[in-house]
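Shown next, in structure tokens, is the structure this report addresses.
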Amino acid sequence: MNKGVEIQVKQMIQVLLGSENVNVDVIYMLEELRKQGLLNEVELQSFQKNLQLKKGIASC
């Protein structure tokens with residue numbers, strides 16, 4: 001994930017979770033959003049699949 005995009009995602013999730021300090025990975029934050037009902041299971045799995053695909057491509 002682009003570093004600038006990652007920072008923006010963390011900031012948005014920080015606002016949604018009401019947390020002042022978000023220093024965890026994106027997958028963990030997405031799971032927390034699902035627990036709070038802000039994402040459904042299908043959306044969470046879609047995000048996870050996209051992140052895994054990008055990590056796989058980056059390691060090639």
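The values are calculated or read from the model by the stated rules, or taken from the named source; none is laboratory data. Everything numeric in this text was worked out from a predicted model, so none of it was measured. Cβ placement follows ideal geometry from the backbone for every residue including glycine, while neighbour counts extend to all protein chains displayed.
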Item to check | Of the criteria (1) surrounded by fewer than 13 Cβ atoms within 10 Å (Cβ to Cβ); (2) modelled with pLDDT of 70 or more; (3) not in a helix (DSSP H, G or I), which one ASN21 fails | outcome: (2)
Checklist outcome for this item: (1) in a helix (DSSP H, G or I); (2) in contact with a Leu (Cβ under 9 Å, 6 or more places away or on another chain); (3) modelled with pLDDT of 80 or more all hold for LEU51 apart from (3)
Checklist entry - If the Cβ limit is 7 Å and pairs must be 6+ apart or interchain, which residue in the stretch 25-41 that is on the phi < 0 side of the Ramachandran plot and assigned to a loop (DSSP other than H, G, I, E, B) pairs with which residue that is surrounded by fewer than 16 Cβ atoms within 10 Å (Cβ to Cβ) and modelled with pLDDT under 85? => result LEU38/LEU16
